[in-house]
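Novice: The structure that follows is given in the form of structure tokens.
The values are calculated or read from the model by the stated rules, or taken from the named source; none is laboratory data. Note that the structure is predicted; figures quoted are calculated from it, not measured. All Cβ positions, even for glycine, are placed from backbone atoms using ideal geometry, and neighbour counts span all protein chains on display. These area figures cover heavy atoms from the full protein model, side chains too; ligands, DNA and RNA do not enter into them. Shrake-Rupley method; radii C 1.70, N 1.55, O 1.52, S 1.80 Å.
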Amino acid sequence: MGAINASIGFDRKLWRQDIRGSLAHAAMLRHVGILSDAEEKAIREGLAAIGARIETGDFEFSDALEDIHMNVEARLTEAIGEAGKRLHTARSRNDQVATDIRLWVRDAIDGLDAQLADCMRALADRAAEHAGTVMPGFTHLQPAQPTTLGHHLLAYVEMLSRDRGRLADCRRRLNESPLGAAALCGTGFPIDRHMTAAALGFDGPTRNSLDSVASRDFALEFLAACAICATHLSRFAEEVTIWTSPFFGFVRLSDAFTTGSSIMPQKRNPDAAELVRAKTGRINGDLIGLLTVMKGLALTYAKDMQEDKEGVFDAAENLALGLAATAGMVRDLRPDAERMKAAAGAGFSTATDLADWLVRELRLPFRDAHHVTGRLVAMAEAKGVDLAALSLDEMRTVEPRITEGVFGVLTVEASVASRTSYGGTAPDNVRRMAAEWQERLA
């Protein structure tokens, strides 16, 4: 029972938030006359001393005291006597832990937001640097149309921007204080919940005492946002893994973000990317784990909810690590522009440009242009050449009205430059968008 019941092994991470909540609660109890000035002062000084001891590692946590709340309270009472016993007036561990975990998640969001901004800056800076560096764009991991490395990197800036938005939304919704809901039905003491909410930086107190102690949807929302963000990082990590393979050779990572093999001296393994990719599984599991814990709980609190913390801590810490590794890899990448440019022309990637030229210059309906282009691709494929290597006479056997002007759209540079629609891959577009993001993130 002792082993399964105790949570101090992991909820000690909440010590800062627990002390902050107790300080706010004590100040409010003094304000409403439940604590004397002397008692509140003793509590404040005692909690400060406990915080300093935990900070320096000079605090012995006890499994027998179950959790962070009882460990702090017991040590406080031991240090200051009767006043320590009065601190828990008008609250319960139910509203106390709900407050602590909200504060912890809020702090975690603030930290992750800063890391997301840093990762986005790294991507935007490299995008500006490589706005005109041509590379193949893929669908189905098959060559589709030429794009640029800068445009590709900016796609991840957009994804991470939405991740920041999801975390900001989560922060706004969780920013209500459960403190004062007590066990489940509130309290008969004349407390001031608005005062404690303001002291802890909340927008206000929660409005229903049952919901206050029973709900962990803010943690679920946080985990969902973490899982989506981790998925974005994992997609980038997958691309880095592919791109660094010698069969692609698009980019190179230094020894700082790769490892060797214990028996193969030639190896340069993209372990940082692979681990970012793998940690997504852990974070997804954290979300599913808490969803499963909460799905069958009748109101209000049940001990099952003790299982909310480890997944939240794990997801936040591993996402922070993934963001740090991703930002580092982005800054470390060394692209091979010539290799990417050569690959960009493979697989008849300018076929769509040819079809567009037929529509634009010869006024062919697009479906007819698509058919003509398909026949020309088949001809080039049979000859073992790309489209630009077909002669004008050969092209005219399929469509007699084709002119020399067609060769102006068959290079990868011309293809990329032609995509000038808003959000398109034209280098000037990419430069403008990268500059806009750099300014927003400055």
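Novice: What pairs come up if the first residue lies in region 118-141 and is hydroxyl-bearing (S, T, Y), the second is in a strand (DSSP E or B) and at pLDDT 95 or above, and their beta carbons are under 7 Å apart, counting only those six or more places apart or on different chains?
Specialist: T133/T148; T133/P335
Novice: To continue, here is another question. Here is a check on your reading of the model: is L287 more than 30 Å from S209 (Cα to Cα), of a type in the set (A, V, I, L, M, F, W, C), part of a helix (DSSP H, G or I) and in contact with a Gly (Cβ under 9 Å, 6 or more places away or on another chain)?
Specialist: The answer is no for L287.
Novice: Report yes if L321 is assigned to a helix (DSSP H, G or I) and within 30 Å of A114 (Cβ to Cβ), otherwise no.
Specialist: The answer is yes for L321.
Novice: Somewhere in region 402-424, is a residue of a type in the set (V, I, T), assigned to a loop (DSSP other than H, G, I, E, B) and within 19 Å of R126 (Cβ to Cβ)?
Specialist: Residues of region 402-424 of a type in the set (V, I, T): 402-403, 406, 409, 411-412, 416, 420.
Those still in the list that are assigned to a loop (DSSP other than H, G, I, E, B) too: 402-403, 411, 420.
Then keep just the ones that are within 19 Å of R126 (Cβ to Cβ); that gives none.
The answer is no; no qualifying residue exists.
Novice: Looking at region 351-359, is at least one residue open to solvent by 70 Å² or more (accessible area, probe 1.4 Å), of a type outside the set (K, R) and without any contact (Cβ under 8 Å) to a residue 40 or more places away in the chain?
Specialist: No, that holds for no residue.
Novice: So, of the residues in region 84-126 that are basic (K, R) and within 25 Å of the chain's Cα centre (by Cα), which turns out to be most open to solvent (accessible area, probe 1.4 Å)? Reasoning before the result, please.
Specialist: As a first pass, look at region 84-126 and keep what is basic (K, R): 85-86, 91, 93, 102, 106, 121, 126.
Now restrict to residues that are within 25 Å of the chain's Cα centre (by Cα): 102, 106, 121, 126.
Working: R102: 13, R106: 14, R121: 82, R126: 24 Å².
The qualifying residue most open to solvent (accessible area, probe 1.4 Å) is R121.
Novice: Please name all residue pairs, on different chains or six or more residues apart, with Cβ atoms under 7 Å, provided the first residue is in region 326-343 and is among the acidic types (D, E) and the second residue is in a helix (DSSP H, G or I) and open to solvent by 30 Å² or more (accessible area, probe 1.4 Å).
Specialist: Pairs that qualify, where the first residue is among the acidic types (D, E) and the partner is in a helix (DSSP H, G or I) and open to solvent by 30 Å² or more (accessible area, probe 1.4 Å), are D332/A256; D332/F257.
Novice: Hey, does region 223-238 have a residue that's among the aromatic types (F, W, Y), in a helix (DSSP H, G or I) and open to solvent by 40 Å² or more (accessible area, probe 1.4 Å)?
Specialist: Looking for residues that are among the aromatic types (F, W, Y), in a helix (DSSP H, G or I) and open to solvent by 40 Å² or more (accessible area, probe 1.4 Å), one finds none in region 223-238, hence no.
Novice: Right, another one. For region 86-102, does any single residue satisfy the condition of being part of a helix (DSSP H, G or I) and under 18 Å from G46 (Cα atoms)?
Specialist: yes
Results for (1) farther than 18 Å from D107 by Cβ; (2) part of a helix (DSSP H, G or I), shown as yes or no for each residue.
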| position | (1), (2) |
| --- | --- |
| A3 | yes, yes |
| R12 | no, yes |
| W15 | no, yes |
| I19 | no, yes |
| L23 | no, yes |
| M28 | yes, yes |
| L35 | yes, no |
| E40 | yes, yes |
| I43 | yes, yes |
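Novice: Still on this model: For region 348-398, how many residues are in contact with a Leu (Cβ under 7 Å, 6 or more places away or on another chain) and not in a helix (DSSP H, G or I)?
Specialist: Number satisfying all stated conditions: 5.
Novice: For residues that are among the hydrophobic types (A, V, I, L, M, F, W, C) and modelled with pLDDT of 95 or more, scanning just region 143-165, find the one that is nearest to the chain's Cα centre (by Cα).
Specialist: L160
Novice: Counting only residues that are assigned to a helix (DSSP H, G or I), touching a Lys or Arg at 6+ places or on another chain (Cβ under 9 Å) and either among the hydroxyl-bearing types (S, T, Y) or free of Cβ contacts under 8 Å to residues at least 40 places away in the same chain (or both), how many does region 147-160 have?
Specialist: 1
Novice: Going through region 175-194 one residue at a time, which ones are buried (at least 20 other Cβ atoms within 10 Å of the Cβ) and in a helix (DSSP H, G or I)?
Specialist: Step one: filter region 175-194 for residues buried (at least 20 other Cβ atoms within 10 Å of the Cβ), giving 177-182, 191, 193.
Correct list: R193 only.
Novice: So the check is Cβ under 9 Å with 6+ separation or different chains; which pairs have a first residue in region 231-243 that's within 14 Å of A325 (Cα to Cα) and a second one that's outside any helix (DSSP H, G or I)?
Specialist: Within 9 Å, the pairs are A237/P270; V240/V251; V240/L253; V240/P270; V240/L333; T241/P270.
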